[in-house]
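The values are calculated or read from the model by the stated rules, or taken from the named source; none is laboratory data. Small disclaimer: the values here were computed from a predicted structure and weren't measured. Here the Cβ is made from the backbone with ideal geometry for all residues, glycine too, and neighbour counts use every protein chain on show. Just so you know, the surface numbers come from the protein's heavy atoms only, side chains and all, with ligands and any DNA or RNA stripped out. Shrake-Rupley method; radii C 1.70, N 1.55, O 1.52, S 1.80 Å.
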Amino acid sequence: MAKDLVEAAARVRALAAPAPQVGVVLGSGLGAFGDSLSGLVKVPYADIPHMPQSSVVGHSGNLCLGKVGEASVACLQGRVHLYEGHDLDRVTFGVRLLSELGCRAVVLTNAAGGIQAGFAPGDLMLIVDHLNLMGRNPLVGRNDDAAGPRFPDMTRAYDPPICAAAREAAAELGVKLQEGVYAGLLGPSYETPAEIRMLRTLGADAVGMSTVPEVLVLRHRGVRVGAMSCITNLGAGLSPTLLDHSEVEATANKTRATFTSLLGKWVEKVARLAS
Ligand code: HPA
């Protein structure tokens, strides 16, 4: 794994000059931010050794390198998920690469189903904590002592100053920003209405099928993390309509302009915190 990462990072460094300060992971339908970078260098995952590729519609596979304002950014445009059948080493390869490239902070995004009363499709939610309900942890196995400790602390997994920067960015842009706890489930089936009621009882505000493994790996490495969900639909049984991936993508697409500008402002602030 360490050798694979070194090889992948070497290829990326050969293609792009400035080392990134901040990493960004773009979820379903949220890839547009990658194309908005100035001085964009776009590297297809296929050109990066050992980089896994997503099979999900709406997830293109490119590493986008460039700048937002003064901040040097490396963006994963598309991710792989546990439900695609990859093991967790592969699922988290992209964020390990961001860390290997030198990112001291990573901002993750995803599409999620809303659970908290009052959430509506199109809302953006700052993730302040998570529930790992995937039944798996990417840190299982022999600990990589060079990367981080055997028992990493998760008390402040979602970095409080990075969360504060998101609130500031949203306030400056006049964007409403919800907050809550993200429950990460394995998928790929959406939840049943009973599972959504269970998740609400457990303290979840939104539910999705990604992000949690990436956060665990990044925190293990001491990388600072922020994360945001685009609430693309209400959880199963909370609205009269049935769930459909094309609707998830359509809602994510509708928030594109707002999401891209909020993410840009946030990332600039995060770069200042991480430098
Ligand atoms: N459940 C799980 N994952 C999701 C959902 C959902 O309702 N919407 C987008 N990703």
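Candidates are the residues of region 69-115 that are open to solvent by 40 Å² or more (accessible area, probe 1.4 Å) and closer than 11 Å to residue 21 by Cα; the one that is modelled with the highest pLDDT is 104. Condition first: out of contact with any Gly (no Cβ under 7 Å at 6 or more places or on another chain), of a type in the set (D, E, K, R) and farther than 28 Å from residue 231 by Cβ. Can you find one or more residues in region 10-19 that meet it? There is at least one residue in region 10-19 that is out of contact with any Gly (no Cβ under 7 Å at 6 or more places or on another chain), of a type in the set (D, E, K, R) and farther than 28 Å from residue 231 by Cβ. Criterion applied to 60, 28, 54 was being small (Gly, Ala, Ser), buried (at least 22 other Cβ atoms within 10 Å of the Cβ), on the phi < 0 side of the Ramachandran plot and not in a helix (DSSP H, G or I), and the one residue passing it is 28.
Candidates 257, 252, 236, 271: the one that is hydrophobic (A, V, I, L, M, F, W, C) and part of a loop (DSSP other than H, G, I, E, B) is 236.
Scanning region 116-135 for residues that are open to solvent by 10 Å² or more (accessible area, probe 1.4 Å) and among the β-branched types (Val, Ile, Thr) turns up just one, 128. Please determine whether any residue of region 254-271 is closer than 26 Å to residue 22 by Cβ, touching a residue at least 60 places away in the same chain (Cβ under 8 Å) and more than 18 Å from the chain's Cα centre (by Cα). Looking for residues that are closer than 26 Å to residue 22 by Cβ, touching a residue at least 60 places away in the same chain (Cβ under 8 Å) and more than 18 Å from the chain's Cα centre (by Cα), one finds at least one in region 254-271, hence yes. Screening residue 179 with (1) closer than 29 Å to residue 261 by Cβ; (2) open to solvent by less than 60 Å² (accessible area, probe 1.4 Å) gives one miss only, at (2). A single entry from 131, 126, 185 fulfils the requirement of being modelled with pLDDT of 95 or more and touching a Lys or Arg at 6+ places or on another chain (Cβ under 9 Å): 126. Here 195, 191, 172 are screened, and the one residue that is within 23 Å of residue 275 (Cβ to Cβ) and either surrounded by 17 or more Cβ atoms within 10 Å (Cβ to Cβ) or modelled with pLDDT of 95 or more (or both) is 172. Residues of region 215-266 that are under 18 Å from residue 79 (Cβ atoms), of a type outside the set (D, E, K, R) and open to solvent by 50 Å² or more (accessible area, probe 1.4 Å): 245, 253. Comparison of 61, 31 shows that the only residue that is away from the ligand (no atom under 16 Å from the Cβ) and either modelled with pLDDT under 95 or under 26 Å from residue 232 (Cα atoms) (or both) is 61. Among all positions in region 206-223, there is no residue which is β-branched (Val, Ile, Thr), part of a helix (DSSP H, G or I), more than 8 Å from the ligand (Cβ to nearest atom) and farther than 25 Å from residue 2 by Cα. Of note, residue 186 does not satisfy the criterion of being within 16 Å of the ligand (Cβ to nearest atom), crowded, with 18+ Cβ neighbours inside 10 Å and not acidic (Asp, Glu).
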